[in-house]
1. So which residues in the range 93-115 are within 16 Å of Phe157 (Cβ to Cβ), of a type in the set (Gly, Ala, Ser) and touching a Ser or Thr at 6+ places or on another chain (Cβ under 9 Å)?
2. From the list Ile105, Ile86, pick out the single residue that is in contact with a helix residue (DSSP H, G or I) (Cβ under 7 Å, 6 or more places away or on another chain) and either assigned to a helix (DSSP H, G or I) or in contact (Cβ under 8 Å) with a residue 40 or more places away in the chain (or both).
3. Filter the range 116-135 down to the residues that are open to solvent by less than 50 Å² (accessible area, probe 1.4 Å) and among the small types (Gly, Ala, Ser), then identify the one that is farthest from Gly158 (Cα to Cα).
4. Looking only at the range 150-168, which residues are over 27 Å from His30 (Cα atoms) and either modelled with pLDDT under 90 or open to solvent by 70 Å² or more (accessible area, probe 1.4 Å) (or both)?
5. How many of the residues in the range 43-56 are hydrophobic (A, V, I, L, M, F, W, C) and open to solvent by 80 Å² or more (accessible area, probe 1.4 Å)?
6. Against the conditions (1) open to solvent by less than 100 Å² (accessible area, probe 1.4 Å); (2) modelled with pLDDT of 85 or more; (3) part of a helix (DSSP H, G or I); (4) of a type outside the set (Asp, Glu), where does Ser100 fall short? Just the number, please.
7. So, in the range 57-94, exactly how many residues are more than 17 Å from Ala181 (Cβ to Cβ) and surrounded by 16 or more Cβ atoms within 10 Å (Cβ to Cβ)?
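The values are calculated or read from the model by the stated rules, or taken from the named source; none is laboratory data. Values in this document were obtained by computation on a predicted structure and should not be read as measured data. Glycine gets a Cβ as well: all are built from the backbone with ideal geometry, and neighbour counts include every protein chain shown. For accessibility, only protein heavy atoms count, side chains too; no ligands or nucleic acids. Shrake-Rupley method; radii C 1.70, N 1.55, O 1.52, S 1.80 Å.
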Amino acid sequence: MSTYGSQLHFSHDKLYGRTDHLTAIMNVCHRMNSVRSPEVILVSGFSGTGKTALIKYAGKILVKEGRYFTAGKFDQLGQAEPFSTIIDAFNGYFHTVMQSGKEIISNTKASLLRSIGSEVGVLANIFPCLYEMIGTPVTDPAQVDLPESQNRLKYLFGLMIRAIATPSQPLFLFLDDLQWA
């Protein structure tokens, strides 16, 4: 915070008055490494109170610690496109991996292919950044009816999460504006 003439200016890269909330969030994030189980943090409050800024600030800390943080934002008008927020969030994750160096790209790709196998093409069709990372799938996904397609997608998505979010390298996923989901 500083003053210039008669104007008061706040730094955009600092949080004010949220130390207790930030500490609580970071404690949960660090606990995930020791208890090895997923956790959910729900941050509620009125519009404009800094919930998103708080989580993004925590995300910056996590990234500095070498962890993966990705985010997606639900949109009141974007409800017509199914899963767009999840797609954006995981495309962000895969984009980050693609910028992390050859070893991390290779390890992530190997883990995904080991977990998902020949069905990785199903997810690569949904997540363009995954497609960039793994290249062209060896086989095209088998065509199935709608109920089987939904079950397959749920199953493969779970395998993908287990492959990329490990106890030694947890993934922190921030979904903003859940009221529009």
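1. The one that is within 16 Å of Phe157 (Cβ to Cβ), of a type in the set (Gly, Ala, Ser) and touching a Ser or Thr at 6+ places or on another chain (Cβ under 9 Å): Ser111.
2. Details: Ile86 fails: in contact with a helix residue (DSSP H, G or I) (Cβ under 7 Å, 6 or more places away or on another chain).
After applying the criteria, what remains is Ile105.
3. Per the criteria, the residue is Gly135.
4. Quick first cut of the range 150-168, residues over 27 Å from His30 (Cα atoms) only: 150-156.
Gln150, Asn151, Lys154, Tyr155, listed by residue number.
5. The initial filter retains those residues of the range 43-56 that are hydrophobic (A, V, I, L, M, F, W, C), namely 43, 46, 53-55.
Those left that are additionally open to solvent by 80 Å² or more (accessible area, probe 1.4 Å): 46.
Selection size over the range 43-56: 1.
6. Failing condition for Ser100: (3).
7. Start the filter on the range 57-94 by keeping residues that are more than 17 Å from Ala181 (Cβ to Cβ), which leaves 57-69, 91-94.
Those left that are additionally surrounded by 16 or more Cβ atoms within 10 Å (Cβ to Cβ): 57-59, 62, 67-69, 91-94.
Qualifying residue count for the region: 11.
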